[in-house]
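Novice: Would you mind keeping the following structure in view while I ask a few things?
Please treat every number below as a calculation from the coordinates, not as lab data. Here the structure is a predicted model, which is why all the values come from computation and not from measurement. Neighbour counts run over all protein chains shown; Cβ positions are idealised from the backbone, glycine included.
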Amino acid sequence: MNNQQLTVTLLQTDIQWGDCALNIEHAELLMNRQPGSDLYVLPEMWSTGFATEPHGIAHDESDNPALQWMRRAAGLRHCAISGSVAVRLADGSFRNRHYFVDGRAGQTYFYDKHHLFSYGHEDQYYTAGNEHLVVEYGAWRLLLLTCYDLRFPCWSRYATGREYDAILLVANWPVSRQEAWQVLTRARAIENQCYLVGVNRTGDDHKCHYVGESVAVDFKGHVMARCGADEEALSTTFSMEELLAVRSKFRVLDERD
């Protein structure tokens, strides 16, 4: 891994409802299309679909097959894998937990989704997280966010004690709100002068239709890579040198509120 560059692969999957084994198989196939990446990013609840009612579909965290696979695959490929999973904790509560598995260091980090999607009743079954997470991966500082968090700029704001270089956003964002997806992913990158990876799903569940359009955006809001509407693996490379040059020359972050 070149600390000045980060190769990221967007894994836009057609999630099969409640079929963890098949969703793992799909993720593996997509990763094989783009070998050698530093970081692979999966959608929100990539192993089950967006299960707002998790009983009978979310696995216990202690023996969750999706998490076990993320750890195994990241270790074998000497990379990192990011994506959210519906999990049940030992206390019986459910979390929409965004994992970042660093296979090089053998470490697992997690961020619990803060803005639960009340419109879809996610808040009735899941417990919200109240802490930000910035993961250090090589020279890169990565802020983890999940889906609905995208709509809340104060929560994701670059701040003292919460400095970062890129946002990793995982989502199940339906076609009915696709225009907002395209605008807000670019807005979060521009206002925080950072890279952003937004990985969405494609296909259908029992409530929504999804058209993907997962995206990687640079610190000026330029789209570096965008998936279409089908299952797809797409890679791009971030440059720390270019990011720091822009932040040094055009010092927007120094004048943030």
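Novice: Projected onto the charge dipole of the chain (+1 at Lys/Arg Cβ, -1 at Asp/Glu Cβ, origin at the Cα centre), which of THR52, GLN107, ASN23 gives the Cα projection farthest towards the positive end?
Specialist: Farthest along the dipole direction, towards plus: GLN107.
Novice: Same structure, new question: Which residue, SER62, SER235, SER84, tops the fluctuation ranking in a GNM of the chain built on C-alpha contacts under 10 Å?
Specialist: Of SER62, SER235, SER84, the Gaussian network model singles out SER62 as fluctuating most.
Novice: Run the quick spin-label model on GLU241 and ARG177: label points 7 Å from Cα toward the beta carbon, then report their separation in nm to one decimal.
Specialist: Taking the two extended label points, one gets 4.0 nm.
Novice: From the P(r) of region 1-95, can you give the percent of Cα pairs sitting at distances over 19 Å?
Specialist: Pairs farther apart than 19 Å: 40 percent.
Novice: Please compute the length gained on full extension between ALA105 and ALA159, using 0.36 nm multiplied by the number of residues separating them and subtracting their Cα-Cα distance.
Specialist: 16.8 nm
Novice: Then there's this: Where both residues lie in region 1-94, what percent of DSSP beta bridges are antiparallel, nearest 5?
Specialist: 10
Novice: Taking the Cα centre of the chain as origin and charging only Cβ (+1 Lys, Arg; -1 Asp, Glu), how large is the dipole, in debye to the nearest 20?
Specialist: 560
Novice: Quick check on region 117-218: of the DSSP beta bridges with both residues there, what percent are antiparallel, nearest 5%?
Specialist: Roughly 50 percent of the DSSP beta bridges within region 117-218 come out antiparallel.
Novice: Now, a different point. For region 111-214, state which GluC sites (Glu not before Pro) are in a DSSP loop and have at most 11 other beta carbons lying within 10 Å of their beta carbon.
Specialist: Sparse-neighbourhood loop GluC sites (Glu not before Pro): GLU131.
Novice: A further question on this structure: Report the antiparallel proportion of the DSSP beta bridges in the chain as a percent, rounded to a multiple of 5.
Specialist: Beta bridges within the chain, antiparallel portion: roughly 65 percent.
Novice: Step through the residues of region 45-57 one at a time and calculate ³J(HN,Hα) from phi using the Karplus curve (6.51 cos²θ - 1.76 cosθ + 1.60, θ = phi - 60°), rounding each to whole Hz and writing x for Gly and Pro.
Specialist: 6, 5, 8, 9, x, 6, 8, 5, 10, x, 4, x, 10
Novice: What is the percent of Cα-Cα separations in the chain that go past 32 Å?
Specialist: For the chain, the fraction of Cα-Cα distances above 32 Å is 14 percent.
Novice: Right, here's the next one. List the chymotrypsin sites (Phe, Trp or Tyr not before Pro) within region 205-257 that fall in a DSSP loop (any state other than H, G, I, E or B) and whose Cβ has at most 16 other Cβ atoms within 10 Å.
Specialist: Answer by residue number: PHE250.
Novice: Now for a different question. Please give the length that would be gained between SER62 and VAL252 if that part of the chain were fully extended, namely 0.36 nm times their separation in residues minus their C-alpha to C-alpha distance (nm, one decimal).
Specialist: Roughly 64.1 nm would be gained on extension.
Novice: Then there's this: Label ARG33 and LYS207 with points 7 Å out from Cα along Cα→Cβ: what is the distance between them in nm?
Specialist: 2.8
Novice: Something else: Of all trypsin sites (Lys or Arg not before Pro) in region 174-257, which ones are in loop regions per DSSP and have a Cβ with at most 11 other Cβ atoms within 10 Å?
Specialist: Counting only loop positions with at most 11 other Cβ atoms within 10 Å, the trypsin sites (Lys or Arg not before Pro) in region 174-257 are LYS207, ARG251.
Novice: Okay, next question. Between ASP91 and GLU191, what is the label-point separation in nm under the 7 Å Cα-to-beta-carbon projection?
Specialist: 3.1
Novice: Per-residue HN-Hα couplings for region 240-254, Karplus 6.51 cos²θ - 1.76 cosθ + 1.60 at θ = phi - 60°, whole Hz, x for Gly and Pro?
Specialist: Once rounded to whole Hz, the list reads 5, 4, 5, 4, 5, 5, 5, 5, 6, 7, 10, 8, 4, 5, 5.
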